[in-house]
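Data block below; observations after.
The values are calculated or read from the model by the stated rules, or taken from the named source; none is laboratory data. Small disclaimer: the values here were computed from a predicted structure and weren't measured. Every residue, glycine among them, receives a Cβ derived from its backbone with ideal geometry; neighbour counts consider all protein chains shown. For the accessible areas, the whole protein counts, side chains as well, though only heavy atoms, and no ligand, DNA or RNA atoms are used. Shrake-Rupley method; radii C 1.70, N 1.55, O 1.52, S 1.80 Å.
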Amino acid sequence: MSSALASPDGLLAFGGDLSPSRLMRAYQSGIFPWFSPGEPILWWSPSRRMILPANDFHVSRSLRKHLRRMNWRVTLNQAFEQVIETCATINRQDQGTWITDEMIDAYKALHQMGAAHSIEVWEQQQLIGGLYGVAPGAVFCGESMFHYRSNASKVAFYALTTLLQRLPDAFIDCQMHTDHLASLGAFEISRTDFAQRLHDALVVPTPDNFWHPRTLLHP
């Protein structure tokens, strides 16, 4: 990670492929792929890393009130393909998608291996929000999230952090800073500090049934 460029910040390498083995080695080393259609595969390790320790998730008063009254159901690993495909196609006003067909296929393969996971938020039978990422050990490397209803992605984040609190040293790797993530309790640390936290999280044993598909929250 220390050989990453200062400008553009964190660019470490380009090329290679998105095979499951290469992706897992990258995440276990604090490296993630991020590139646009038509570009080569770009691998990143930014100098400042946005993380959210599971115990530091900020439950605002409005979100707490919403959680008490909501009639939504939140599940784990019950619609991974639908979540990633929605993340790739949903209209985003501030940016285009970086989730290419090649990446979708790669993360679906990781999901089949039990390494990539999704959180889904349902209103009756309709998927209204969710997120997905890769989890080597006690770190969840968040990739993308979406919502069709206000607060749906926050509810997914809440369910994820509540789940991760069962593991010591667990945190979410949010990768890059956004104001939205900061409002949820995420903060930036140096690449060196991130490497140490990652090392500690990777050696945490995860129960065999930890990511077993199930309902996490219900009305």
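Of note:
- Annotation: Ser153 fulfils all but one of (1) at pLDDT 95 or above; (2) crowded, with 19+ Cβ neighbours inside 10 Å; the unmet one is (1).
- Any hit, the stretch 68-88, residues being without any contact (Cβ under 8 Å) to a residue 60 or more places away in the chain, among the hydroxyl-bearing types (Ser, Thr, Tyr) and touching a Gly at 6+ places or on another chain (Cβ under 8 Å): no
- Among residues of the stretch 203-219, those that are open to solvent by 60 Å² or more (accessible area, probe 1.4 Å) and within 18 Å of the chain's Cα centre (by Cα), counted: 2
- The set of residues in the stretch 80-90 that are of a type in the set (Val, Ile, Thr) and open to solvent by less than 40 Å² (accessible area, probe 1.4 Å) comprises Val83, Ile84, Thr86, Ile90.
- Identification of strands (runs of 3 or more DSSP E) wholly contained in the stretch 92-185 with 2 or more residues that are farther than 14 Å from Leu76 by Cβ yields 126-134, 139-147, 171-175.
- Residue that is farthest from the chain's Cα centre (by Cα) [pool: residues in the stretch 121-140 that are surrounded by fewer than 22 Cβ atoms within 10 Å (Cβ to Cβ) and in contact (Cβ under 8 Å) with a residue 40 or more places away in the chain]: Glu123
- For the stretch 37-79, taking the residues that are among the polar types (S, T, N, Q) and within 21 Å of Ala26 (Cβ to Cβ), the one that is surrounded by the most Cβ atoms within 10 Å (Cβ to Cβ) is identified as Ser45.
- Selection within the stretch 186-202 - more than 21 Å from Trp43 (Cα to Cα) and either open to solvent by 40 Å² or more (accessible area, probe 1.4 Å) or assigned to a helix (DSSP H, G or I) (or both): Phe187, Asp200, Ala201
- Here the condition is being without any contact (Cβ under 8 Å) to a residue 12 or more places away in the chain and within 24 Å of Ala88 (Cα to Cα); of Ser118, Ser150, it holds for Ser150 alone.
- The criterion of at least 2 residues that are at pLDDT 90 or above and within 19 Å of the chain's Cα centre (by Cα) is met by the following strands (runs of 3 or more DSSP E) wholly inside the stretch 1-68: 42-44, 48-53.
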